[in-house]
Every structure is written in C-alpha cells, then in structure tokens.
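Every number here is computed from the coordinates shown, using simple stated rules; none is lab data. What you are looking at is a predicted structure, and each value in this text was computed from that prediction instead of being measured. Note that each Cβ is placed from the backbone with ideal geometry, even for glycine, and that neighbours are counted across all protein chains shown.
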Amino acid sequence: MYLVCGEALFDFFLDEEDGPGAATYQARAGGSPFNVAIGLSRLGQRSGLLTGMSTDMLGQRLRQVLEAEGVETGYLVDTDRKTTISLVGLDAEGSPAYQFYGQNSADVSLTIDELPPLGDEVMGLHLGSYSIAARPVADALEQAVSWARARFISLDPNVRPTVEPDMEIWADRIARLLPYADLIKISREDMDIVYPGRAPADLAADWMAAGVHVVIVTDGGDAVHGWTRDGSNVSVTPPKIKVVDAVGAGDTFQAAILAELGIDGDPLGAIAALDAERFETLLRYAATAAAVTCTRRGADMPRRDDIKIEG
C-alpha cells in the first residue's frame, strides 16, 4: 500500500455570481495528497491517507468520499479542529489559483505525538503540498519519512504560497527531505518560484547528487522532462486536448507514476530497473492520465480504462 501523507480539504469553485453581494459556489473534496490517494485507488493501486481529519461535517464528508473510493482510512487521525477550505479561481487557460482558509485546522495541526505507527503493509510514502511546509504537520511528516527509510519515498512540493509565502521555508523543507526521497516530481511553475533562475537539468543533477533516484519536471501542456541517477534523460510531449480546467492534473500525473511503479508491489525495484525506454513509457502514461483530468471539471481522476495511449 502507498500511504499518501498530507492535507484533505474542500475546494469551493465560484459557479456564478447572482449580483452584488451574492454568489454560488460548487464544493468539491480535495487537497493534493487527498487527490493522489484517490487517483491511486482508481488506477487499481492500494492506497491510504495519513492526515489530521476533522470530525466536523466537512471532515465526515471527506472520510465518506475516501471510503467510497476505496482509500484506506486507518491512518486518519481524528480531531475536533475544523476542516480547511480553499477558494479556487481559474484563469483563461483553466489553471487554478487557490486561497486557503485553514489556520489551526485539522490537517495542518497533526503533531509527531499523534503519528500512527507504520504497518508492514506500507510499501511507500508520498508527500506533497503545504503539509511539507506548514508546522506542526511538516515536522510530523518529516518524522514519518525518517521511520520509513527502507521504503519507497516520493515527493511533489506542489507549492502553495498563500499558505506559506516564504520560499526559503519551502526550499529548506525540500532539502531536509532529499536524503529520504527516491522520486521527486515538481512543476516548472513551482521550480521557478522556489528556485528562480535555475535550469531544470541543473536542479535535477543537484537533487540526484543528494541521493534522489528520479527527478521529473512537468510544464503544463508542454514537454515533461525526466532524469534518473543512472543517466537516463527523457522528454515526452503531453497529448493535445481541449482543457476544461487543470485542477488535479499534477496529482493525476503523480498518482499514475506511483501506480505504474508499484504495479508489482516493489516500487524500489521498479526504480532500479528504469532504463530510458521504460522511463519514457512511464512519463507518457502519466502525461496522458493528466490530460484526461484536464478534460473534466475539477480533480476528477481517471481510471485505467480512461487512459488511452496514442501511437
């Protein structure tokens, strides 16, 4: 089982404005790690979510969604703190911008003392988004990763400046996780925010020198680039599609990568066997999965039958 670690929340999308002082919103369960856990389950990979989960009405609904999607809930830590909410706006290209309301909320307040022990069923941990930067949950997840040294570890920073605006904190937290990480996926947008002026290949080389085996840089609808510590350097172009919105696209990409690496229950072994041909196939599969999500409203993750590789 992959144990995905991080936030669970509700996104509120502006549906329509009903005149001055009135607006209608559509609420959807979300949060990057929440989405990745569901994406893995939809792709046939056993997954669980580790987060602080509110007992309020929104938290109860989040738990119900996880259960309905087949995500294991045994690592949820119940709390009476409120559920985080975010307001989501879309630009002309469908790219999302988020405003979070979650100070002292359930997911950011998870502490080291509240961490459940990792069972033998956990073959890998995935971390990402503001849960790696906001304390105390960032400290708790760093501790969880240190407990899982012999297991597969993946990271997607998925930077949220409205939660933590200090990019030095993000850079420091990523640096602290590098010794544990086997795979890091980062968007070009996030890379440019945290590491302005850095070339993707140079950043990948630095991370691999620190021990990371695979680095992947996505760039919206443009080419995906990937590097392995064994010397592979691969690029793939995502399929051209009509974008409804890009909410959840990066999470879908991440889930697809993890699902394929864990298909035989040994993602560490899959990483070790990742030659250039296999790597290109992996990136193409993940890019195609992300494109499917972009044709849908919100983070509606695909199932295996939805992902058709062209050519």
Going through Tyr130, Tyr180 one at a time, which residue ends up being among the aromatic types (Phe, Trp, Tyr) and either in contact (Cβ under 8 Å) with a residue 60 or more places away in the chain or farther than 23 Å from Ala37 by Cα (or both)? Tyr130
Note on segment 34-89: residues assigned to a loop (DSSP other than H, G, I, E, B), polar (S, T, N, Q) and more than 23 Å from Arg297 (Cα to Cα) are Gln45, Thr55, Thr73
Does any residue in segment 59-87 that is surrounded by fewer than 18 Cβ atoms within 10 Å (Cβ to Cβ) come within less than 7 Å, Cβ to Cβ, of a residue that is among the polar types (S, T, N, Q) and in a loop (DSSP other than H, G, I, E, B) six or more places away or on a different chain, and which pairs are these? Glu67/Thr73; Asp78/Thr55; Asp80/Thr55
Taking Arg160 as meeting all but one of (1) touching a residue at least 40 places away in the same chain (Cβ under 8 Å); (2) out of contact with any Ser or Thr (no Cβ under 8 Å at 6 or more places or on another chain); (3) crowded, with 17+ Cβ neighbours inside 10 Å; (4) in a loop (DSSP other than H, G, I, E, B), write down the number of the exception. (2)
Odd one out for Lys308 among (1) without any contact (Cβ under 8 Å) to a residue 40 or more places away in the chain; (2) charged (D, E, K, R); (3) in contact with a helix residue (DSSP H, G or I) (Cβ under 6 Å, 6 or more places away or on another chain): (3)
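Residue by residue, here is whether (1) of a type in the set (A, V, I, L, M, F, W, C); (2) over 13 Å from the mean Cα position of the chain (by Cα) holds:
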{"site": "Val4", "(1), (2)": "yes, no"}
{"site": "Asp15", "(1), (2)": "no, yes"}
{"site": "Ser32", "(1), (2)": "no, no"}
{"site": "Leu43", "(1), (2)": "yes, yes"}
How about segment 276-311: which of its residues are within 15 Å of the chain's Cα centre (by Cα) and part of a helix (DSSP H, G or I)? Ala286, Ala287, Ala289, Ala290, Thr293
